[in-house]
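Structure first, commentary second.
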Amino acid sequence: MKKAPLLLLLILTGCASAAGGRPELFRGFYEHGFEVESFRLCESDERWWIVRADGLNRRYRELTGAQYERVYAEIRGHAGPAGRYGHLGAYTRELTVVEVLDVRRTPADPCR
């Protein structure tokens, strides 16, 4: 009987960790295509694999009408731990999209 409260605590802790807490703001460049869900932060060369990108993909298609065109995006989401993600493990992190704030053609200097 004493194990039940401990088990409940472990389950709740796991759920809280999976949720990732409060979403963070990420600004950078998004590219979509066959086996490509790439997000590169402003001021970084790392490419992150996008997860739950339905809203982002919809806005991307409305704007570009094509694949593999880089656009500027601002999103709220959760960055996963460093690792190998996406197609052939080519991406250093996963970025789970919670909210799409802005998607637009890449201006001259969008990261300022």
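Some points to look at:
- Positions within the stretch 64-112 being aliphatic (A, V, I, L, M) and at pLDDT below 95, in sequence order: A66, A108
- The strands (runs of 3 or more DSSP E) located wholly in the stretch 27-112 that include 3 or more residues which are acidic (D, E) occupy 93-105.
- Subset of the stretch 57-97 [surrounded by fewer than 16 Cβ atoms within 10 Å (Cβ to Cβ) and farther than 17 Å from V36 by Cβ]: E62, R76, P81, A82, G83
- For the stretch 17-70, the candidate set comprises residues that are touching an Asp or Glu at 6+ places or on another chain (Cβ under 7 Å) and among the β-branched types (V, I, T); within that set, the residue that is nearest to R104 (Cα to Cα) is I50.
- Pairs with Cβ under 8 Å, 6+ apart, first in the stretch 91-104 and over 10 Å from L25 (Cα atoms), second outside any strand (DSSP E or B) and among the aromatic types (F, W, Y): V103/Y60
- Within the stretch 31-50, the only residue that satisfies the criterion of being farther than 9 Å from G86 by Cβ and under 9 Å from the mean Cα position of the chain (by Cα) is F39.
- Summed over the stretch 1-55, the residues that are surrounded by 10 or more Cβ atoms within 10 Å (Cβ to Cβ) and at pLDDT 90 or above give a count of 27.
The values are calculated or read from the model by the stated rules, or taken from the named source; none is laboratory data. The structure displayed is predicted, hence computed values, not measured ones. Positions of Cβ are backbone-derived with ideal geometry, glycine not excepted, and every protein chain shown enters the neighbour counts.
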